[in-house]
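Report on one structure; see the data block that follows.
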Amino acid sequence: MDKLIITGGARLDGEIRISGAKNAALPILAATLLADGPVTVGNLPHLHDITTMIELFGRMGIEPVIDEKLAVEIDPRTIKTLVAPYELVKTMRASILVLGPMVARFGEAEVALPGGCAIGSRPVDLHIRGLEAMGAKIEVEGGYIKAKAPEGGLRGAHFFFDTVSVTGTENIMMAAALANGRSVLQNAAREPEVVDLANFINAMGGNVQGAGTDTITIEGVARLGSAHYRVMPDRIETGTYLVAAAVTGGRVKVKDTDPTILEAVLEKLKEAGADITTGEDWIELNMHGKRPKAVNLRTAPYPAFPTDMQAQFISLNAIAEGTGAVIETIFENRFMHVYEMHRMGAQIQVEGNTAIVTGVNALKGAPVMATDLRASASLVLSALVAEGDTLIDRIYHIDRGYECIEEKLQMLGAKIRRVPG
Ligand code: EPZ
């Protein structure tokens, strides 16, 4: 397995381009199954999860055409099987996103039940209940979700999400796009990636209103046609590189991004002492050589502070002035990075869903292990500022969510290299 070796101490300074958003690209690729003609999706990030989704399409008989800029053309009419097999689904939970579109467009689907993952049990009961509300018959057996639309197709429905679920909202929105009649989703997720998906469905001729609020109304249409669509920028990649500059007391300008989709993160960075300026598609953070100040934060559904930035801010607090409390309210086990940071000398105490982080003057490089996508990013951030070398193992987690992370950090002056494992 590849490893990363990072020698800490370099104050980052430079400019990088932000890639397309993984968590918008995945539902948008799934939504191409709804079309009855070829659809092109651009600005896809070069990530393992994206190639997994493309591989899943290949297994189902759809041969995506990929151009040199990794724009993908998909024509779902060539689909041959409506089964998403376990050996692919187990590597990427977001495969569940093909369930709604397949039932809506082809009348049935068999998708392996995604297991739990490192950060929590990750149930999919809301995905299933939402489709049942639209008339689908669903059995879960042998580790597979077997879904069948009623005669005449799915029926529009009112559905209340008793927990805000990003992919749950996305799955039911996609199914509703081709259902008969109107659907109203209440307590829907408001994430920008949900809005990007709604815009894509509307670009194919759909009728989705209210995305970005907690009530989304979808008027089902008979067919969805071809479209060319460009995925939004990745707000979590954006936030991660801003924190990289903050922990090293440096400066970074991130381009091809959008400052309006991570306002809670920018507020916390200002509270930590960062000087932030923004433009239409760029953000510049400058610490002017200062050490960050510790911040308190509590994760919650958008527009509140995102759980996907929690680990990165624990890295910031670990070397900040003062003590910060970090409360994780979305997932039940998302502090694994803390125990790896202890190996680097971090002073962090976990009590239930709260991590109390007392900043130290210096972390020490050490061999550590990545456990999940964002946890591994936080280990990279800690290594950038630690004294000496840090060896990070199991970095396949990083490759799932960060395109060319070592090249982008090298462009900012970091001493980082990949060691093939
Ligand atoms: C999406 O996961 C993201 N993944 C996650 O990003 C992100 O952390 C998460 O939303 C929260 O923002 C993608 O978009 C591909 P949820 P998702 O359904 O949709 C409970 C990353 O790092 N729940 O919003 O799976 C669930 O247990 C990944 O890129 C149910 O109870 O998360 C959790 O407590 C990690 N029943 C809460 O809802 C369900 O049917 C929020 O989960 C579904 C979810």
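The values are calculated or read from the model by the stated rules, or taken from the named source; none is laboratory data. Fair warning: this is a prediction, and the values are worked out from it, not measured in the lab. In this analysis, Cβ positions are derived from the backbone assuming ideal geometry, glycine residues included, and neighbour counts consider all displayed protein chains. For the accessible areas, the whole protein counts, side chains as well, though only heavy atoms, and no ligand, DNA or RNA atoms are used. Shrake-Rupley method; radii C 1.70, N 1.55, O 1.52, S 1.80 Å.
Give 69/253; 3/290; 90/408; 3/255; 22/148; 80/146 a once-over and call out the pairs whose C-alpha atoms are over 21 Å from each other. Too far apart for the 21 Å limit: 69/253; 3/290; 90/408; 3/255; 22/148. Note that the range 148-160 has calculated 3J(HN,Hα) couplings of 9, 6, x, 3, x, x, 4, 10, x, 8, 8, 9, 9 Hz, one per residue in order, obtained from phi through the Karplus relation 6.51 cos²θ - 1.76 cosθ + 1.60 (θ = phi - 60°); glycine and proline are x.
Taking every Cα-Cα distance in the range 108-198 and sorting them into 5 Å bins from zero, the calculated P(r) comes out as 3, 14, 24, 24, 21, 11, 3, 1, 0 percent. Taking the helices alone, the chain has a mean residue ellipticity at 222 nm of -8500 deg cm²/dmol, built from -39,500 (n - 2.57) per DSSP H run of at least 4 residues and averaged over all its residues.
Suppose the Debye formula is applied to equal point scatterers at every Cα of the range 253-297; what is log10 I(q)/I(0) at q = 0.14, 0.19, 0.22 Å⁻¹? Here the Debye-derived log intensity ratios amount to -0.32, -0.58, -0.74. Of the solvent-accessible surface of the range 170-233, computed with a 1.4 Å probe over protein heavy atoms with every protein chain present, carbon and sulfur atoms account for 42 percent. Among 187-195, 124-132, the peptide with the highest mean count of other Cβ atoms within 10 Å heads the list, and the full ranking is 187-195, 124-132. For residue 334, no residue 5 or more places off, or on another chain, has a built amide H under 5 Å of its own.
Each listed q (0.11, 0.14, 0.16, 0.23 Å⁻¹) maps to a log10 I(q)/I(0) for the range 1-118 from the Debye sum over equal C-alpha point scatterers, namely -0.43, -0.63, -0.77, -1.37.
Here is the list for the range 197-284: trypsin sites (Lys or Arg not before Pro) lying in DSSP coil, each with at most 14 other C-beta atoms within 10 angstrom of its C-beta, are 223. Normalised by residue count, the range 275-355 yields a Cα convex hull volume of 109 Å³ per residue. Would you mind checking the tilt of helix 373-385 against the longest principal axis of the Cα atoms of the chain, expressed as 0 to 90 degrees and rounded to 10? On a 0 to 90 degree scale, this one is about 20. In terms of accessible area, using a 1.4 Å probe and ignoring ligands and nucleic acids, 288, 397 rank largest first as 288, 397. The mean sequence distance of close C-alpha pairs (under 8 Å, at least 6 residues apart), as a share of the length of the chain, puts its relative contact order at 21 percent. Given the range 175-262, what whole percent of its Cα pairs are spread farther than 19 Å? Counting pairs separated by more than 19 Å, the tail of P(r) holds 51 percent. Across all directions, the shadow cast by the convex hull of the range 66-145 built on its C-alpha atoms averages 6.7 square nanometres.
Beta-bridge orientation, the range 299-405: approximately 70 percent antiparallel, per DSSP, counting only bridges with both partners inside. On a per residue basis, the chain carries 37 Å² of accessible surface, using protein heavy atoms and a 1.4 Å probe.
Solvent-free Debye calculation, one equal scatterer per alpha-carbon of the range 363-421: log10 I(q)/I(0) at 0.16, 0.28, 0.29, 0.31 Å⁻¹ equals -0.44, -1.40, -1.46, -1.55.
A viscosity of 1.567 mPa s and a temperature of 4 °C, combined with the Kirkwood radius over Cα pairs in Stokes-Einstein, give a translational diffusion coefficient for the range 195-311 of 81 µm²/s. Against the chain, whose longest principal axis comes from its Cα atoms, helix 192-203 is set at around 30 degrees. Note on the chain: Rg/Rh from C-alpha atoms, Kirkwood Rh, equals 0.98. Seen against the Cα atoms of the chain and their longest principal axis, helix 22-31 is set at about 10 degrees. For 200, 331, the ranking by accessible surface with the largest value first comes to 331, 200, using a 1.4 Å probe.
Summary value for the range 367-421: 36 percent relative contact order, contacts being C-alpha pairs under 8 angstrom separated by 6+ residues. In whole angstrom, note down how far apart the Cα centers of the range 165-217 and the range 41-109 are. Each part's Cα centre sits 19 Å from the other's. Note on the chain: antiparallel DSSP beta bridges, both residues inside, total approximately 70 percent of the bridges counted.
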